[in-house]
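The values are calculated or read from the model by the stated rules, or taken from the named source; none is laboratory data. Note that the structure is a prediction, hence the values are computed from the model and not measured. Note that we place each Cβ from the backbone using ideal geometry, even for glycine, and neighbour counts take in every protein chain shown. Side chains included, ligands, DNA and RNA excluded: accessible areas come from the protein's heavy atoms. Shrake-Rupley method; radii C 1.70, N 1.55, O 1.52, S 1.80 Å.
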Amino acid sequence: CHGYFVDGKFDQMQKARPYSTFRTAFGDLCEMILARGDETTSMISNIIIRAVGRSVGSITSEIIPNLVKIIGPQPPDSTNLVGHEVQNRFNYVMRTFVSAISQPEHPVVIFLDDLQWADEASLNLMRTLVMKSSAMIVGSYREDEVSPDSFLGKLLRGEEAINVSQIRVQPLDKSAV
């Protein structure tokens, strides 16, 4: 199996930049695809374009600039959407992009570190990917830094319609290190 493992780390100081962790992780994913050679890159390019369409490919390449190296420049999205429609379209395009790449012959695993510092937009995207893409999402967070009333707290408790399996890791004592 020739899968892809990408990771991203949320930064307490980057909360004002939504999706920055996904931009990094998906940028790395694009570089991994490119490293597999022209034949693989061309095949995945065709899969992505068929899945998300040419005009909405521009939405994906805005958040993942490296994607242009795979699918080429895309025409701007000419759909006039407002409010929640814009967010719904974005989530649809991103989950379709991830599902197009994550196939049984090359699955995608996305590790997201320090979820307690994630912005709400990124957590919403993570929720969408967990619920509706074929990628495996693994996240870590510091339990003592997550408020029960925060969006992440609600996700972890299942109040936001997400299926989460949790593994609690206790702090290591000095003898374990």
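About the Cα centre of the chain, how large is the charge dipole given +1 on each Lys and Arg Cβ and -1 on each Asp and Glu Cβ? Please answer in debye to the nearest 20.
Its charge dipole is roughly 320 debye.
Pairs of alpha-carbon atoms within less than 8 angstrom and 6+ residues apart define the contacts here; what relative contact order does the range 12-148 have, in percent?
It rounds to 26 percent for the range 12-148.
Report the longest stretch of the chain that contains none of the GluC sites (Glu not before Pro) sitting in a DSSP loop with at most 13 other Cβ atoms within 10 Å. Provide the component values of the computation, followed by the final result.
Working: sites that count: Glu105, Glu159.
Longest run free of exposed loop sites: 1-104.
Over the range 1-47, what lengths in whole Å, largest first, do the semi-axes of the equivalent ellipsoid take, defined as the square roots of 5 times the eigenvalues of the alpha-carbon gyration tensor?
Details: eigenvalues 146, 23, 10 Å².
So the equivalent ellipsoid measures 27, 11, 7 Å along its semi-axes.
Using every alpha carbon pair in the range 72-134, what percent of pairs falls into each 5 Å bin from 0 up to the bin containing the largest distance?
Bin by bin from 0 Å, the calculated values are 4, 14, 21, 21, 19, 14, 6, 1.
For the range 1-147, rounded, prolate or oblate, judged on the Cα gyration tensor with a ≥ b ≥ c (square roots of eigenvalues), a/c < 1.5 rounded, else prolate if a/b > b/c?
It comes out oblate by the Cα gyration axes.
Say a paramagnetic label sat at a point 7 Å from the Cα of Val146, along Cα to Cβ; which residues of the range 113-137 have their backbone N under 20 Å from it?
It comes to 113-133, 135-137, nothing else.
Restricting to the chain, compute how many DSSP beta bridges are antiparallel as a %, nearest 5.
Beta bridges within the chain, antiparallel portion: roughly 10 percent.
What residues have an amide H closer than 5 Å to that of Lys9, excluding those fewer than 5 places away on the same chain, when H is modeled at 1.01 Å from N in the peptide plane?
Answer set, sorted by chain and number: Asp113.
Evaluate the Debye formula for the range 36-95 with equal point scatterers sitting on the alpha carbons, no solvent, and hand back log10 of I(q)/I(0) at q = 0.22, 0.24, 0.26, 0.28 Å⁻¹, in q order, two decimals.
Each listed q maps to, in turn, -0.85, -0.98, -1.11, -1.23.
Using the Karplus curve 6.51 cos²θ - 1.76 cosθ + 1.60 with θ = phi - 60°, what ³J(HN,Hα) values do you get for each residue of the range 30-46, in whole Hz, with x for Gly and Pro?
Computed from phi, the couplings for the range 30-46 are 4, 5, 5, 5, 4, 5, 7, x, 4, 5, 5, 4, 5, 4, 5, 4, 4 Hz.
Taking the highest mean first, how do the peptides 4-15, 72-83 order by number of other beta carbon atoms within 10 angstrom per residue?
4-15, 72-83
Helix 84-101 versus the longest principal axis of the chain: what is the Cα-based angle in degrees, 0 to 90, to the nearest 10?
It works out to around 80 degrees.
So what's Rg/Rh here for the range 73-177, counting alpha carbon atoms and using the Kirkwood radius for Rh?
Looking at the range 73-177, the ratio lands at 1.06.
Once you have the Cα-Cα distance between Glu39 and Arg54, take 0.36 nm times their residue separation minus that, and quote the gain in nm to one decimal.
The Glu39-Arg54 span can extend by a further 3.4 nm.
Using a probe of 1.4 angstrom, how much of the accessible area of the chain is carbon and sulfur, in percent?
Exposed carbon and sulfur together represent 52 percent of the surface.
Around Arg36, which amide H atoms from residues at least 5 apart in sequence, or from another chain, sit under 5 Å from its own amide H, with H modelled in the peptide plane?
none
When we measure straight from the Cα of Lys154, which lysines land under 25 angstrom away, once same-chain ones fewer than 8 places off are left out?
Once the sequence-local lysines are set aside, what remains near Lys154 is Lys9, Lys15, Lys132.
Which value at 222 nm does the chain reach when only helices count, each DSSP H run of 4 or more adding -39,500 (n - 2.57), with the total divided by all residues and rounded to the nearest 500 deg cm²/dmol?
Rounded to the nearest 500, the figure is -14500 deg cm²/dmol.
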